[in-house]
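The structure appears right after this line, and notes come after that.
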Amino acid sequence: MSISLQYPFAALHGQPQLQLALQLAAIDPQIGGVLIEGPRGTAKSTSARALAALLPQDRFVNLPLGTSEEQLIGSLDLQAALQNGEVCFKPGLLAHADGGVLYVDEVNLLADSLVDLLLDACASGVNRIERDGISHQHAARFALVGTMNPEEGELRPQLLDRFGLFVRLAAHIDSPTREAIVRSRLAFDRDPLAFIERHGLAQQHLISQLHQGRQRLNQLEFSDALHRQVSELCVAAGVEGVRADLVLLRAACAHAAWQGQDEIGSADVEAVAELVLAHRRKNPAQAPSAPQSSAAGSTDGNQTSESNWGEMPPQPVPTQALAGIRQLPAKKS
């Protein structure tokens, strides 16, 4: 059996919010996927591929921008159905991604109709194909990971809201984190097998933690206090509709399951709130003043506030009279 030479999730450094979001989406794919906004070179695709290696099927499906609807959802052979009375289904990318990770780079450049289909299947866990009165459906439980660079175009607000979690990556990485990333990458490129073996125990722990989290997910209950906390957060953020409430409760449940807890607490809501509300918030005044520093899994790293990075506080500027300019006398009324 061949060994997958994939950079291990346990060896990722920095971007703790990204790693947390990916883990939550893997525990409960019906959260609605993860949308990542950020520049190139911030380990978006590496992290998504590493997540796939934690899943039982170790399945990673990359969706090209030129994908057609038939390639995405699959197709039905009408002639076989009419002649033999049997539904002949040709699987698409959604079928191949079942149980794994479906990755869409530059999802903001993908046709809106395909993004709609992706999000529908991700939220329901089922892909339905209907053509001329013939229908077929199959399981499509996958962790959806989309990336985008806002300089190349935005997603329509309706589509943006349907992504469960949102992570905005900072272009700036502090010096110690950069050094750790580069050292690890060079070690992996030089001897992948030795690098993977060195992180084997930590990787197995993450796989076990993820499996147990999925098993625990449906055993956790939502208390009245939890519903109240989530409702108040969403009202304060000025979000539209109740999708944010549902996603926030799901994400908090997945966080508690990931931590191996027997109940969902207010700390779980606080840990995931910004991932759920960042792209839905209509009231900027409710945005947190500082980023959360909790790391995910066995990784660590400092996270810088992305939205205000590089912003300077206002400074008083002294004013001086300009020499050589004569003040005009006041005009008589």
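Please treat every number below as a calculation from the coordinates, not as lab data. What you are looking at is a predicted structure, and each value in this text was computed from that prediction instead of being measured. Because the Cβ atoms are built from the backbone with ideal geometry, glycine has one as well, and the counts that use them run over all protein chains shown.
Worth pointing out:
- Top positive-direction residue, dipole computed over region 1-169 with Cβ charges, set Gln17, Phe166, Leu72: Gln17
- Using θ = phi - 60° and Karplus 6.51 cos²θ - 1.76 cosθ + 1.60, couplings along region 183-188 (whole Hz; Gly, Pro as x): 4, 5, 5, 5, 5, 5
- Of the GluC sites (Glu not before Pro) in region 150-189, those whose Cβ has at most 15 other Cβ within 10 Å and which sit in DSSP loop: Glu154
- Of Phe9, Phe163, Phe60, the sequence from fewest to most neighbouring Cβ atoms within 10 angstrom is Phe60, Phe163, Phe9.
- Dipole magnitude of region 143-247, debye to nearest 20 (Cβ charges: Lys/Arg +1, Asp/Glu -1, about Cα centre): 340
- Listing Leu55, Leu5 from fewest to most neighbouring C-beta atoms within 10 Å gives Leu5, Leu55.
- Taking the Cα centre of region 1-169 as reference, the dipole from Cβ charges on Lys and Arg (+1) and Asp and Glu (-1) amounts to some 540 debye.
- In region 1-169, a dipole from Cβ-located charges (positive for Lys and Arg, negative for Asp and Glu) runs towards its positive end, and of Leu51, Pro157, Ala95 it is Leu51 whose Cα lies farthest in that direction.
- Residues Phe188, Phe222, arranged from fewest to most other Cβ atoms within 10 angstrom of their Cβ, appear as Phe222, Phe188.
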